[in-house]
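Visitor: This structure is in structure tokens; I'll ask about it shortly.
The values are calculated or read from the model by the stated rules, or taken from the named source; none is laboratory data. None of these values were measured; they are calculated from a predicted model. Methodologically, a virtual Cβ is constructed for each residue, glycine included, from the backbone with ideal geometry; neighbour enumeration extends over all protein chains shown.
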């Protein structure tokens, strides 16, 4: 492990509001900083292979702080030549070790702007890409265990860029600005103007709720913000024509997977939708759960994909839709009957419902496997909430996730039937509440091996419905931010 190469602060002029500077990690060409007091401007010249992976190489201008803090600046590169992924960053960092835990708001020469983090020493770096390019001003905020990035364009106020990352830094830690050439042989320069380091409102104080619709690439675990808005929206579904459907304020909305302006789907009289919805296998119909009609409890309807008048499927309530059979003939749902929540199926055309589970306690979240051989669901029958599966007629019920210390919810099977993503809460959490530290995990069904996809602030609304991309390479989910 390579130690930081650092110029002792006592031997240099203090660079503006910062205490020191130096090269972190292995660099071939020593970096430098020039400070212009009148403009609060820092000109950083640096080498370094990258700020990424399990170790970094860059020039860092820093000060030590404790508590919640923000760093804000306008960032530009002196030239557009060189590697398009050369980075200028606003950073919080546990130490000056090359492999230290950190988070940064990274502006690339290409315009790509990302919230990056390494959650613990020597771990891999992950990112949430913003849905804006080359912002005018950038801000990173540490509030408790979470990091947020805000951006602004011309004529805009700073606003949340979407997503957040959990990094449990210990006081005191370093904050500052830095540059990496993204090429170990190169030297690049970036300018930071109107730099501010300021205390941030405490995470436990007044905070505003934001929702971020995100996608994540399963192979790399890199995330991208698609749409950010104040308030709460929930439960994205991914259509065959690459639209994301989500619910908010009792309605369903759609947005292109690469971002844009959401459009509300016409669902007629059904204007009190919850977050239970599904797309038919042929992509022509939507099944929804709505409580706008008497007795004001959730009933299941189907409506054309493009919108229209709903047709009622279930007569009994409450019924919460979750799955559509691969042949399009059957809907699977959770229903409360006589005080017990169980899994039921019903013909999509309407008819009699069939009860599949009879265990005491909650059985919920049914979803068919792509080959139609199983219905996966979650059940509390073993003590903690775990993922189970059964044949479509309710036979051969078996537990899929191991008896571990977590509560597991909402199984979603990949289009090729080989993997299952699900939402994990800590042991002490009851139900599937909102605004909790949660984890998205993936199981390879052939060997039952579980890996972590990402950690986030979420829960209810994050991944309640099927959300795999049609090619099985990505997933959609909603994260939440209680931003100060």
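Visitor: Kindly provide the set of residues from the stretch 308-324 that are in a loop (DSSP other than H, G, I, E, B) and within 28 Å of the chain's Cα centre (by Cα), ordered by number.
Guide: Passing the criteria: none in range.
Visitor: Considering every residue within the stretch 250-258, establish whether at least one is over 23 Å from residue 458 (Cα atoms) and under 28 Å from the mean Cα position of the chain (by Cα).
Guide: There is no residue in the stretch 250-258 that is over 23 Å from residue 458 (Cα atoms) and under 28 Å from the mean Cα position of the chain (by Cα).
Visitor: Related question: Out of the residues in the stretch 31-40 that are in contact with a strand residue (DSSP E or B) (Cβ under 9 Å, 6 or more places away or on another chain) and at pLDDT below 95, state the one that is nearest to residue 149 (Cα to Cα).
Guide: The residue in question is 40.
Visitor: Tell me yes or no: at least one residue of the stretch 160-183 is at pLDDT below 95, more than 26 Å from residue 50 (Cβ to Cβ) and either touching a strand residue (DSSP E or B) at 6+ places or on another chain (Cβ under 7 Å) or outside the structural domain of residue 61 (by TED's automatic domain parsing) (or both).
Guide: yes
Visitor: If you don't mind, another one. Pairs, please: C-beta under 7 Å, at least 6 apart or cross-chain, first residue more than 25 Å from residue 426 (Cα to Cα) and in the stretch 380-402, second modelled with pLDDT of 95 or more and part of a loop (DSSP other than H, G, I, E, B)?
Guide: 390/356; 390/374; 390/396; 390/397; 391/374; 392/372; 394/356; 394/357
Visitor: What do you reckon, is residue 270 surrounded by 22 or more Cβ atoms within 10 Å (Cβ to Cβ) and more than 25 Å from residue 415 (Cβ to Cβ)?
Guide: Yes: the conditions hold for residue 270.
Visitor: Please determine whether any residue of the stretch 33-43 is closer than 19 Å to residue 162 by Cα and crowded, with 19+ Cβ neighbours inside 10 Å.
Guide: no
Visitor: Would you check which residues across the stretch 393-414 are surrounded by fewer than 19 Cβ atoms within 10 Å (Cβ to Cβ) and over 20 Å from residue 454 (Cβ atoms) and list them?
Guide: Hits for the stretch 393-414 are 393, 394, 395, 396, 398, 399, 402, 403.
Visitor: Considering each residue of the stretch 141-161, count those that are in a strand (DSSP E or B) and over 19 Å from residue 226 (Cα atoms), and give that number.
Guide: Final tally of qualifying residues: 4.
Visitor: Given the criterion in contact with a strand residue (DSSP E or B) (Cβ under 7 Å, 6 or more places away or on another chain) and within 17 Å of residue 166 (Cβ to Cβ), identify the matching residue among 101, 73.
Guide: After ruling out the rest, the residue left standing is 101.
Visitor: Against the condition touching a residue at least 60 places away in the same chain (Cβ under 8 Å) and either within 15 Å of the chain's Cα centre (by Cα) or surrounded by 20 or more Cβ atoms within 10 Å (Cβ to Cβ) (or both), how does residue 175 come out, does it pass?
Guide: So residue 175 fits the description; yes.
Visitor: Of the residues that sit in the stretch 433-444 and are surrounded by 17 or more Cβ atoms within 10 Å (Cβ to Cβ) and touching a residue at least 40 places away in the same chain (Cβ under 8 Å), which one is farthest from residue 479 (Cα to Cα)?
Guide: 443
Visitor: I'd like the full set of residues that are under 32 Å from the mean Cα position of the chain (by Cα), part of a strand (DSSP E or B) and under 18 Å from residue 318 (Cβ atoms), limited to the stretch 345-378.
Guide: Listed by number, the residues that qualify are 345, 363, 364, 365, 366, 377, 378.
Visitor: Follow-up question, since we're still on this one. I need the full set of residues from the stretch 22-57 which are in contact (Cβ under 8 Å) with a residue 60 or more places away in the chain, outside any loop (DSSP other than H, G, I, E, B) and closer than 19 Å to residue 93 by Cβ, in order please.
Guide: If the condition is that a residue be in contact (Cβ under 8 Å) with a residue 60 or more places away in the chain, outside any loop (DSSP other than H, G, I, E, B) and closer than 19 Å to residue 93 by Cβ, then 22, 24, 42, 44, 46, 51, 52, 55, 56 are the ones that fit.
Visitor: It is to be established whether one or more residues within the stretch 49-66 are in the same structural domain as residue 147 (by TED's automatic domain parsing), within 22 Å of residue 99 (Cα to Cα) and out of contact with any strand residue (DSSP E or B) (no Cβ under 8 Å at 6 or more places or on another chain).
Guide: yes
Visitor: Oh, and also: Within the stretch 379-484, considering only strands (runs of 3 or more DSSP E) that don't extend past its boundaries, which have at least 2 residues that are under 17 Å from residue 369 (Cβ atoms) and assigned by TED's automatic domain parsing to the domain that holds residue 255?
Guide: Correct list: 386-390, 407-413, 419-425, 436-444.
Visitor: Quick one: is residue 184 surrounded by fewer than 20 Cβ atoms within 10 Å (Cβ to Cβ) and under 22 Å from the mean Cα position of the chain (by Cα)?
Guide: no
Visitor: Looking at this structure, is residue 223 within 14 Å of the chain's Cα centre (by Cα) and either touching a residue at least 12 places away in the same chain (Cβ under 8 Å) or surrounded by fewer than 22 Cβ atoms within 10 Å (Cβ to Cβ) (or both)?
Guide: In short, yes.
Visitor: Could you check, for the stretch 388-395, whether at least one of its residues is out of contact with any strand residue (DSSP E or B) (no Cβ under 9 Å at 6 or more places or on another chain) and at pLDDT 95 or above?
Guide: Looking through the stretch 388-395, at least one residue is out of contact with any strand residue (DSSP E or B) (no Cβ under 9 Å at 6 or more places or on another chain) and at pLDDT 95 or above.
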